[in-house]
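Enquirer: Before we start, here is the structure in question, set down as structure tokens.
Coordinate-derived values only; no laboratory data. Keep in mind the model is a prediction, meaning the values are calculated, not measured. Note that each Cβ is placed from the backbone with ideal geometry, even for glycine, and that neighbours are counted across all protein chains shown.
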Amino acid sequence: MDMLLNYGSAFLTGGIICVIGQILIDKTKLTPARILTLFVTLGVILTFLGIYEPIAEFGKCGATVPISGFGYSLFKGTVKAIEEKGFIGIFTGGVTATAGGIAAAVVFGFLASLFAKPTIK
Amino acid sequence: MKIGKQTIKLENSPCIFATSSIVGPKEMQGPLAQYFDANIKDVFFDEKTFEKAESKMLESCINNLLVKAGITQQDVDVIFSGDLLNQCISSCFAIRSFDVPFLGLYGACSTFCEGLILSSLLIESKAVKQVVASASSHFCSAERQFRMPLEHGNQKSPTAQATVTASGAALVTDKSVADNGIHITHVTPGKIIDLGVKDMSNMGAAMAPAAFSTISNHLTDTGRTIDYYDYIITGDLGIHGSDMLNELFKNEGIDISQKHKDCGVLIYDEENQDVNSGGSGCGCIASVFSSFWFNELKAKNVNRILLIATGALMSPISSSQGESIPGIAHAVAIEREV
Amino acid sequence: MNTNLNISNSEYDDLISKKAQKSPILKNICFAFLVGGLICVLGQFIYNQMENLGLDKETCSTITSISLIFLGAFLTSINLYSRIGRFAGAGSTIPITGFSNSIVAPAIEFKSEGYVLGIGANMFKVAGPVIVYGITSTVILGLVYYLIHYVF
């Protein structure tokens with residue numbers, strides 16, 4: 001039962017975050033690159049304001065998998081590093097916390113480009 | 001001879017003696033498939049890059065034109081050609097192998113009619129006898145220059161158009177050399193018109209005012225009405241852009257909806273091909289005129305057409321800098337001797 | 001006839017809005033919700049499996065991110081992610097798989113310009129701003145956080 005609730009809240013939270021993005025795309029003609037940028041920045045700001053943490057506690061991966069969750073990880077990592085290392089943590093915390101994702105994206109991107117070919121839809 | 005404000009009447013009325021077209025796989029699934037001379041099965045056309053594929057397509061299109069017209073490179077005095085890519089590389093590399101003088105053009109999607117206008121004026125001046133006007137576009141090379149990488153997952157706006165993968169070429173001749181009765185009688189180069197449209201996904205609406213301006217000036221200059229022509233054929237306004245053109249004429253109390261056809265609408269099957277508002281690109285009007293419409297003229301199903309290629313004169317840089325999209329439209333009156 | 005356009009820019013803009021076909025927003029929202037939600041559920045599934053192995057929270061999150069990034073990269077390289085994006089819209093753009101797609105798609109496409117100036121220089125053509133603004137906003141707000149908690 002707990003497990004089901006777990007998946008349910010992830011589905012709901014992730015779905016709603018994507019719907020907000022979809023409404024922005026359809027209503028404002030914002031391009032995908034701008035939407036991604038907006039969401040990651042909002043993720044950072046909302047985490048700073050303490051708003052994203054309760055969303056993440058409720059939605060779990062529903063809040064961390066969307067790109068706003070990348071902003072959440074960035075800022076959370078910064079706070080953690082500041083607590084551990086002081087001032088220098090401002091610069092090291094964010095990237096440290098998200099290093100796995102960034103490195104994976106770069107390496108998989110590079111590997112994919114060796115084998116894949118673009119095609120038309 | 002210039003008549004009125006913008007139109008030039010061609011006393012010697014040069015002849016469009018032959019045409020040639022080649023299209024990509026998606027265009028071959030469209031309703032005009034039977035009219036095209038040739039097609040490529042794969043968007044790479046056995047080349048390593050889309051740009052090389054586009055050049056090869058244009059090169060084979062012009063070669064086929066010479067075969068169809070029964071002439072050799074030595075008979076051609078000049079080739080006019082253009083495309084959408086930076087520095088017109090598709091045309092430059094396509095025509096590199098030809099032993100013929102080359103004049104490169106950029107008029108965005110209006111290039112084909114720009115080429116026809118310059119070809120017919122050059123022949124009208126008696127300077128030369130046989131000129132090729134051609135243009136091409138390729139969905140994949142245009143997409144990566146103007147929009148997003150092909151494999152990027154995104155939604156297209158309903159007013160967006162798909163760049164046509166196609167080349168088209170026409171041989172314009174002095175009547176003394178070769179004549180089939182299909183003549184260019186008037187040309188109307190267009191003015192740049194910009195009503196402030198900024199939406200890169202709505203080129204049709206950005207270009208429609210330019211089409212209106214050129215058509216209405218052409219009619220005024222020649223003293224003709226819409227009824228004089230069998231069809232008023234625009235290049236790539238698409239479904240939405242055609243709608244906007246109709247509205248602009250409706251404001252003047254003229255109904256063009258019965259006479260107006262758009263190549264971007266004709267080339268795809270709107271219902272089943274997932275192309276939103278229709279086709280666009282230099283190759284759109286070039287290939288559709290060179291196949292379907294030229295066929296109709298030769299078959300005597302159509303006697304008088306006004307061909308208007310419309311272009312959106314922007315670049316990704318101007319767009320990023322917040323500029324609107326200036327439109328242009330060039331018209332060519334093509335009439336069959338009855 | 002009148003050859004001048006008797007229409008102002010704003011009138012023309014209104015005419016476009018009136019005539020242009022609207023995005024099927026309800027349909028788009030449904031697909032975005034469904035696909036976006038499902039990707040998050042998949043993430044949750046991976047996370048739960050890792051948690052069951054007794055890994056700590058941060059490692060679980062990182063493994064989940066890397067797995068989804070791999071999935072996005074894989075679907076992009078078999079030419080499938082762009083098809084999903086056609087109907088899922090933001091549902092496939094906003095999850096981290098979409099971030100992966102936005103890095104892999106230009107990498108594949110710009111291979112034709114070579115390994116350094118093609119793949120290397122263009123990989124972050126779409127996703128670069130995400131990194132730039134993500135990190136910049138984090139450092140600025142991190143500084144503010146530091147000032148609030150440790151200085152004042």
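Enquirer: Kindly flag which residue pairs out of A:K60/A:K80; C:K57/C:K125; B:K2/B:K191; B:K2/B:K300 have an alpha-carbon separation exceeding 22 Å in this structure.
Expert: As for pairs spanning more than 22 Å Cα to Cα, those are C:K57/C:K125; B:K2/B:K300.
Enquirer: Which lysines, if any, have their Cα less than 18 Å from the Cα of C:K22, not counting same-chain residues under 8 positions apart?
Expert: Hits, sequence-local ones excluded: A:K27, A:K29, B:K156, B:K198.
Enquirer: If you don't mind, there's one more thing I want to ask. Computed over the Cα atoms, what is the radius of gyration of the protein assembly as shown divided by 2.2 N^0.38 Å, N being its residue count?
Expert: 1.10
Enquirer: Which aspartates and glutamates have a Cα lying under 14 Å from the Cα of C:K18, excluding residues fewer than 8 positions away in the same chain?
Expert: B:D243, B:E247
Enquirer: Explain nothing, just the number: relative contact order of chain A, from Cα pairs under 8 Å at least 6 residues apart, as a whole percent.
Expert: 22
Enquirer: Only helices at least 15 Å long along their axis, Cα-based, and averaging 1.0 or more on Kyte-Doolittle count here, so list those DSSP H runs from chain A.
Expert: Those that pass (Cα extent of 15 Å or more, hydropathy at least 1.0) are A:2-28, A:32-48, A:89-115.
Enquirer: Treating each Cα of segment A:41-112 as an identical point scatterer and ignoring solvent, apply the Debye formula and state log10 I(q)/I(0) at q = 0.20 Å⁻¹.
Expert: The Cα Debye sum returns log10 ratios of -0.83.
Enquirer: Under 8 Å for C-alpha pairs, at least 6 residues apart: give me the relative contact order for segment B:182-336, rounded to a whole percent.
Expert: Relative contact order here is 39 percent.
Enquirer: Return the single residue from B:C284, B:C140, B:C88 with maximal mean-square fluctuation; model: Gaussian network over chain B, springs between Cα atoms under 10 Å.
Expert: Evaluated over chain B, the most mobile residue of the options is B:C88.
Enquirer: Rounded, prolate or oblate for segment C:29-152? Axes are the square roots of the Cα gyration tensor eigenvalues, ordered a ≥ b ≥ c, and the cut-off for rounded is a/c under 1.5.
Expert: oblate
Enquirer: Quote the charge dipole size of the protein assembly as shown about the Cα centre in Debye, to the nearest 20; the model charges only the Cβ of Lys and Arg (+1) and of Asp and Glu (-1).
Expert: For the protein assembly as shown, the charge dipole is close to 320 debye.
Enquirer: Note down the net charge around C:Q44, summing +1 for each Lys or Arg and -1 for each Asp or Glu among other residues with Cβ under 13 Å from its Cβ.
Expert: Surrounding charge for C:Q44 is -1.
Enquirer: Please report the antiparallel percentage of the DSSP beta bridges confined to the protein assembly as shown, to the nearest 5.
Expert: Antiparallel bridges: around 65 percent, rounded to the nearest 5.
Enquirer: Can you give the convex hull volume of the alpha carbon atoms of chain A per residue, in Å³?
Expert: In chain A, the Cα hull volume divided by residue count equals 158 Å³.
Enquirer: Under a 10 Å cutoff between Cα atoms, tell me which one of B:S97, B:S137, B:S120 has the largest fluctuation in the Gaussian network model of chain B.
Expert: The residue with the greatest mean-square fluctuation here is B:S97.
Enquirer: When the helices in the protein assembly as shown are scored as -39500 (n - 2.57) per DSSP H run of 4 or longer and the sum is shared across all residues, what 222 nm value do you end up with, to the nearest 500 deg cm²/dmol?
Expert: -16500 deg cm²/dmol
Enquirer: Any idea what the relative contact order of chain C is, in percent, if you count C-alpha pairs under 8 Å spaced at least 6 apart?
Expert: 19
Enquirer: Let me ask something additional. Using the 10 angstrom Cβ neighbour count as an exposure proxy, how do A:S113, B:S60, C:S102 rank, fewest first?
Expert: B:S60, A:S113, C:S102
Enquirer: Hey, fewest Cβ within 10 Å first, where do B:T7, A:T96, B:T72 land in order?
Expert: Ranking B:T7, A:T96, B:T72 by Cβ neighbours within 10 Å, fewest first, gives B:T72, A:T96, B:T7.
Enquirer: Same structure, new question: Give me the net charge of A:V40's neighbourhood, meaning all other residues with Cβ under 14 Å from the Cβ of A:V40; Lys, Arg count +1, Asp, Glu -1.
Expert: +2
Enquirer: Moving on. Neighbouring Cβ atoms within 10 Å as the yardstick, rank C:Y81, B:Y35 fewest first.
Expert: B:Y35, C:Y81
Enquirer: Among A:G21, A:A81, B:L297, whose Cα projects farthest towards the positive end of the dipole of the protein assembly as shown, with charges put on the beta-carbon of Lys, Arg (+1) and Asp, Glu (-1)?
Expert: Result: A:A81, furthest along the dipole toward the positive end.
Enquirer: If a/c stays under 1.5 just call it rounded; otherwise compare a/b with b/c (prolate if a/b is bigger, oblate if not). Do that for segment B:227-299, with a ≥ b ≥ c from the square roots of the Cα gyration tensor eigenvalues.
Expert: oblate
Enquirer: OK, next. Around B:S176, with a cut-off of 14 angstrom between Cβ atoms, what is the net charge of the other residues, counting Lys and Arg +1 and Asp and Glu -1?
Expert: -3
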